[in-house]
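The structure appears right after this line, and notes come after that.
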Amino acid sequence: MERTLATPDGTFTIVAGPDAVLASGWIDDAANLFALIHPSLRPESRGAGSAEVLDQACEAAEAYYSGDFAAPAQISVRQHSGPYRSHAWNVLRKVEVGDIVSYREYAALTGRPAAVRAAANACASNAAALFVPCHRVLRSDGSLGGFRYGLHIKKSLLDRETESEPPAAR
C-alpha cells in the first residue's frame, strides 16, 4: 500500500506493509521504492499493507514538514539485510534531530569504528528515507556526501532541522 504526498522538497512517497513502513523517498514512482524493499518483506501486491500504518506514516511526514522533526522516529520501520546493516539502521534512528554525525562517527556509534565504508553503505541502502534519517550523516570534512534523492533535498532537510545553522560534521 502506498501514498504520495506533496512536500516542500517535492513529491514524497511512502510504502507501508502490514505493520511498518517498508520504503519511502522523494520520488513519485512507487515501483522504484518497491525495488528497494528486501524480497522477504515485499508485499505480494502493491495494494497489500495496512491503511492505518500508512495513515500514521503520512501524518508523521506532514508533521515533520510542519516543524515536528521527531515525528518520523515514532513510526515503525521494517528493513532487512545482514546483521551489521540491520543494526546500523537501528542505530541511525537514534541520531537526534539537529545532530549531525560523520560517517566515521556513525561507524563508531554502531560499535565498529573501523567500519566506515559499511556504515556509508548502510546509509546508501536505506530504503526508508526520513523515517531512518540517513540525511544526518555527512563526510568528515563537513560536505554532504551522497543522498539517493539528491543533495539539494539532503541540504534542505538539514537546514530545516538545524534552523538555518549551517550543517557540519563534528
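The values are calculated or read from the model by the stated rules, or taken from the named source; none is laboratory data. Note that this is a predicted model, so its numbers are computed, not measured. Every residue, glycine among them, receives a Cβ derived from its backbone with ideal geometry; neighbour counts consider all protein chains shown.
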**Request:** Output the residues belonging to the range 59-70 that are assigned to a helix (DSSP H, G or I) and over 24 Å from SER125 (Cβ atoms).
**Result:** GLU59, GLU62, ALA63, TYR65
**Request:** Kindly establish whether GLU163 is modelled with pLDDT under 95 and within 15 Å of the chain's Cα centre (by Cα).
**Result:** no
**Some residue of the range 37-49 being in contact with a Ser or Thr (Cβ under 8 Å, 6 or more places away or on another chain) and surrounded by fewer than 19 Cβ atoms within 10 Å (Cβ to Cβ)** = yes
**Residues located in the range 86-131, provided they are within 11 Å of the chain's Cα centre (by Cα), assigned to a loop (DSSP other than H, G, I, E, B) and among the small types (Gly, Ala, Ser)** = SER125, ALA127, ALA129
**Item:** Of all residues making up the range 1-53, the number that are of a type in the set (S, T, N, Q), part of a loop (DSSP other than H, G, I, E, B) and under 16 Å from the mean Cα position of the chain (by Cα)
**Value:** 0
**Asked** Which condition does ALA31 not pass, out of (1) surrounded by fewer than 19 Cβ atoms within 10 Å (Cβ to Cβ); (2) of a type outside the set (D, E, K, R); (3) in contact (Cβ under 8 Å) with a residue 40 or more places away in the chain, if it passes all the others?
**Response** (3)
**Qualifying residues in the range 50-65 (those that are small (Gly, Ala, Ser) and at pLDDT below 95) - the one surrounded by the most Cβ atoms within 10 Å (Cβ to Cβ)** = SER50
**Message:** So, LEU130, is that one within 22 Å of ILE14 (Cα to Cα) and free of Cβ contacts under 8 Å to residues at least 40 places away in the same chain or not?
**Reply:** no
**Asked** Can you find even one residue in the range 75-82 that is at pLDDT 95 or above, surrounded by 15 or more Cβ atoms within 10 Å (Cβ to Cβ) and more than 13 Å from the chain's Cα centre (by Cα)?
**Response** no
**Matching residues in the range 132-146 - criterion: being surrounded by 20 or more Cβ atoms within 10 Å (Cβ to Cβ) and either part of a helix (DSSP H, G or I) or not aliphatic (A, V, I, L, M) (or both)** = PRO133, CYS134, HIS135, ARG136, GLY145
**Request:** Could you figure out which of (1) polar (S, T, N, Q); (2) closer than 28 Å to THR4 by Cβ; (3) free of Cβ contacts under 8 Å to residues at least 60 places away in the same chain isn't true of SER140?
**Result:** (2)
**Asked** Do the conditions hold for ARG104, that is, is it touching a Ser or Thr at 6+ places or on another chain (Cβ under 6 Å), outside the structural domain of ASP68 (by TED's automatic domain parsing) and on the phi < 0 side of the Ramachandran plot?
**Response** yes
